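Comments concern the structure below.
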Amino acid sequence: MRTLNKLILEWAKDKGILENGTPIAQCEKTYEEVNELRCALDTDNKAEIIDALGDIYVTILIQAEMQGVKLEDCIASAYNIISKRTGKMIDGQFVKD
């Protein structure tokens, strides 16, 4: 995964995203990719689901780089919070207490 992350960030640098992009524009790109995931889920298109999930990861990795944080640290922070969370499933979705 580290090798892929490095390649993704090199690609983002080569394309000028890291130098010329903005965090807001990158966030908008993430929204776009999440919308593509939603469309793929609606049609149960496995190939498009895989593509959208990968694209979402790429946009989030680039955002983390723009923010000067490691994505792994962000994930660890989120896990430390959710691991203590209680709640229940309602209509196919986990709802925290």
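The values are calculated or read from the model by the stated rules, or taken from the named source; none is laboratory data. Everything quoted here is computed from the prediction, not taken from an experiment. Cβ: placed from backbone, ideal geometry, glycine included. Neighbour counts: every protein chain shown. These area figures cover heavy atoms from the full protein model, side chains too; ligands, DNA and RNA do not enter into them. Shrake-Rupley method; radii C 1.70, N 1.55, O 1.52, S 1.80 Å.
Would you mind checking the tilt of helix 2-14 against the longest principal axis of the Cα atoms of the chain, expressed as 0 to 90 degrees and rounded to 10?
So the inclination is approximately 50 degrees.
Contact order normalised by length for the chain, with contacts defined as Cα pairs under 8 Å and 6 or more residues apart; what percent is it?
Relative contact order here is 23 percent.
Counting only the heavy atoms of the protein chains, how much of C39 is accessible to a 1.4 Å probe, in Å² to the nearest 10?
70 Å²
Length gain on complete extension for the stretch R2 to A47, per 0.36 nm per residue less the alpha carbon to alpha carbon distance?
Separation in residues times 0.36 nm, less the Cα-Cα distance, equals 13.8 nm.
Mind pulling the angle between the C-alpha long axis of helix 46-67 and the longest principal axis of the chain? Nearest 10 degrees, somewhere in 0 to 90.
60 degrees
Karplus couplings for the stretch 27-43 from phi (6.51 cos²θ - 1.76 cosθ + 1.60, θ = phi - 60°), rounded to Hz, Gly and Pro as x?
Running phi through 6.51 cos²θ - 1.76 cosθ + 1.60 with θ = phi - 60° gives 4, 4, 5, 4, 4, 4, 5, 5, 4, 5, 4, 4, 5, 5, 5, 4, 9 Hz.
Rounded to the nearest percent, how much of the accessible area of the stretch 1-69 (1.4 Å probe, protein heavy atoms only) is carbon and sulfur?
Within the stretch 1-69, the accessible surface is 57 percent carbon and sulfur.
Taking the Cα centre of the chain as origin and charging only Cβ (+1 Lys, Arg; -1 Asp, Glu), how large is the dipole, in debye to the nearest 20?
That gives a dipole near 500 debye.
May I ask you to give the solvent-accessible area per residue for the stretch 56-97, in square angstrom, as obtained with a 1.4 angstrom probe?
76 Å²
Hey, rough spin-label estimate for D73 and L18, points 7 angstrom out along Cα→Cβ, what's it come to in nanometres?
The two pseudo-label positions are separated by 1.6 nm.
Set the Förster radius R0 to 25 Å, insert the Cβ-Cβ distance between C39 and K84 as r into 1/(1 + (r/R0)^6), and round the FRET efficiency to 0.05.
0.15
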